[in-house]
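Okay, so here's the structure we're looking at.
Nothing in this text is a laboratory measurement; each read-out follows from the coordinates by a stated rule. Being a predicted model, the structure only gives us computed values, none of them experimental. Using ideal geometry, Cβ is built from the backbone for each residue, glycine included, and neighbour counts are taken over all protein chains shown.
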Amino acid sequence: MLLGMLFMVIERFRGSAGGIEAVGARFRERGRLMPEDVTYRASWVDPAGTVCYQLMEAPTRAALEPWTRAWEDLVEFEIDEVTASAEFWAGREERA
């Protein structure tokens with residue numbers, strides 16, 4: 001059951017900061033570092049290991065900020081609010 005908004009987070013690992021190796025080391029040492037009101041749903045990494053796509057759930061976009069601040073020295077973030085396709089199309093049909 002979805003309780004918040006969904007966000008597609010695109011993380012580009014900063015090569016000058018050690019890239020994916022530095023991200024992996026911090027994750028193993030300290031975990032995901034997310035606030036309690038943010039839920040990790042899934043993630044995918046490109047074959048080159050330079051970009052990670054994560055689906056997150058949060059009550060607002062602002063709720064993600066403590067998490068992104070904890071990683072911004074290693075990662076450049078792009079965050080877009082998304083809606084499940086079925087939900088999107090159901091909403092369009094209701095308006096038609």
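So what's the angle, to the nearest 10 degrees on a 0 to 90 scale, between helix 85-95 and the longest Cα principal axis of the chain?
With rounding to tens, the tilt is 30 degrees.
Which trypsin sites (Lys or Arg not before Pro) in the range 19-96 pass both tests, a DSSP loop state and at most 15 other beta-carbon atoms within 10 Å?
R32
With a cut-off of at most 14 other beta carbons within 10 Å, and DSSP calling the residue loop, which GluC sites (Glu not before Pro) in the range 12-51 qualify? Please list them.
Hits after loop and neighbour filter: E36.
Working from Cα positions, state the angle (0 to 90°, nearest 10) between the long axis of helix 19-30 and the longest principal axis of the chain.
80 degrees
Excluding D46 itself, calculate the net charge of residues whose Cβ lies under 11 Å from the Cβ of D46, where each Lys or Arg counts +1 and each Asp or Glu counts -1.
0
At a Förster distance of 30 Å, what's the computed FRET efficiency of Y53 paired with D73, Cβ-Cβ distance as r, to 0.05?
Numbers: r = 20 Å, r/R0 = 0.68.
The computed FRET efficiency comes out at 0.90.
Exactly which chymotrypsin sites (Phe, Trp or Tyr not before Pro) in the range 24-96 are in a DSSP loop and have at most 12 other Cβ atoms within 10 Å? Write down the numbers at each step before the final one.
Working: sites: F27, Y40, W44, Y53, W67, W71, F77, F88, W89; in loops: none.
Loop-located and lightly packed - none at all.
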